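Visitor: My structure is below; once you've seen it, I'll send some questions.
The values are calculated or read from the model by the stated rules, or taken from the named source; none is laboratory data. The model shown is predicted, which means the values in this text are computed figures rather than measured ones. Cβ: placed from backbone, ideal geometry, glycine included. Neighbour counts: every protein chain shown.
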């Protein structure tokens, strides 16, 4: 299966209460900038060697926006409408996922495998220091394995944490979980516990456990799982640098048990 993803900038026109394509404009205070990501997949490529020409995605959405109903200010309603008008637009491929970036720290996802479910991803920053050092090894082996990361004084990172939950939107509120509740839980369970801490010395979770980005992602999962009412924790992704992150999907996820490093 091959997938292609295309992001399209949109904004809400408050005068008409409708969506328009393009940038909201850096000086505009009454237009909400959005990015809508389309992911299409196919088991084979067409004659052009593409799943679908991304320009055709733009053109198809532009055409449908001209026929949109009013009131496109609700994220779920927007995703539902776009899904209906765009899912069967192209031959030999299907719409697999829609991802709506509302702002830098909040995204909402609709996936073809869970049509009644919505995924929400929130992002958080935290800073922490750590030292990678295995007490069972001698200094030479630690240096060979961890390099500068094994220096006695340790070192720090500005981490970016992404928390993804999934659930069925409430019939009355249209929300899976309120953003305020997500923020409260993440801050209580993770940010307040680990932000601006020496992980080796200030937290019991890493007194014996190596504070690698993989282990951190798993520990954060353990502190968050089961705490979201009517929603399920799907994934914890932790960026250690702009080039490296680890993901944890929980102990029941067979193909990814303890994290995946991407470099």
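Visitor: Assuming residue 104 fulfils every condition listed in (1) in contact with a helix residue (DSSP H, G or I) (Cβ under 7 Å, 6 or more places away or on another chain); (2) closer than 30 Å to residue 158 by Cα; (3) free of Cβ contacts under 8 Å to residues at least 24 places away in the same chain apart from one, which condition is it?
Guide: (1)
Visitor: Look through 186, 177, 163 and report the one residue that is in the same structural domain as residue 240 (by TED's automatic domain parsing), under 19 Å from residue 230 (Cα atoms) and either assigned to a strand (DSSP E or B) or at pLDDT below 85 (or both).
Guide: From the options 186, 177, 163, the qualifying one is 163.
Visitor: What number of residues in segment 192-223 are over 18 Å from residue 241 (Cα atoms) and within 17 Å of the chain's Cα centre (by Cα)?
Guide: Qualifying residue count, segment 192-223: 1.
Visitor: Provide a single number: the residues in segment 69-100 that are touching a residue at least 60 places away in the same chain (Cβ under 8 Å) and surrounded by fewer than 18 Cβ atoms within 10 Å (Cβ to Cβ).
Guide: Summing the residues that are touching a residue at least 60 places away in the same chain (Cβ under 8 Å) and surrounded by fewer than 18 Cβ atoms within 10 Å (Cβ to Cβ) in segment 69-100 gives 4.
Visitor: Could you count how many residues in segment 111-133 are crowded, with 16+ Cβ neighbours inside 10 Å, within 22 Å of residue 227 (Cα to Cα) and in contact with a helix residue (DSSP H, G or I) (Cβ under 9 Å, 6 or more places away or on another chain)?
Guide: Counting residues in segment 111-133 that are crowded, with 16+ Cβ neighbours inside 10 Å, within 22 Å of residue 227 (Cα to Cα) and in contact with a helix residue (DSSP H, G or I) (Cβ under 9 Å, 6 or more places away or on another chain) gives 5.
Visitor: Is it the case that residue 207 is at pLDDT below 95 and either closer than 12 Å to residue 161 by Cα or surrounded by fewer than 20 Cβ atoms within 10 Å (Cβ to Cβ) (or both)?
Guide: Spelling it out, residue 207 is indeed at pLDDT below 95 and either closer than 12 Å to residue 161 by Cα or surrounded by fewer than 20 Cβ atoms within 10 Å (Cβ to Cβ) (or both).
Visitor: Among the residues of segment 21-48, which ones are modelled with pLDDT of 70 or more and over 17 Å from residue 80 (Cα atoms)?
Guide: To start, the set of residues in segment 21-48 that are modelled with pLDDT of 70 or more comprises 21-23, 31-45.
Once the filter is applied, which keeps residues that are modelled with pLDDT of 70 or more and over 17 Å from residue 80 (Cα atoms), segment 21-48 yields 21, 22, 23, 31, 32, 33, 41, 42, 43, 44, 45.
Visitor: Also, I was wondering about something else. For segment 1-19, enumerate the residues that are over 24 Å from residue 94 (Cβ atoms) and surrounded by 16 or more Cβ atoms within 10 Å (Cβ to Cβ).
Guide: Of everything in segment 1-19, those that are over 24 Å from residue 94 (Cβ atoms) and surrounded by 16 or more Cβ atoms within 10 Å (Cβ to Cβ) turn out to be 11, 12, 18.
Visitor: Oh, and also: Within segment 49-68, restricting attention to residues that are closer than 10 Å to residue 6 by Cα and either in the same structural domain as residue 174 (by TED's automatic domain parsing) or modelled with pLDDT of 90 or more (or both), which residue is surrounded by the most Cβ atoms within 10 Å (Cβ to Cβ)?
Guide: Going through the qualifying residues, I end up with 57.
Visitor: Is it true that residue 136 is assigned to a loop (DSSP other than H, G, I, E, B) and surrounded by fewer than 18 Cβ atoms within 10 Å (Cβ to Cβ)? First the steps, then the outcome.
Guide: Details: assigned to a loop (DSSP other than H, G, I, E, B): yes; surrounded by fewer than 18 Cβ atoms within 10 Å (Cβ to Cβ): yes.
Yes; evaluated as a whole, the condition is true for this residue.
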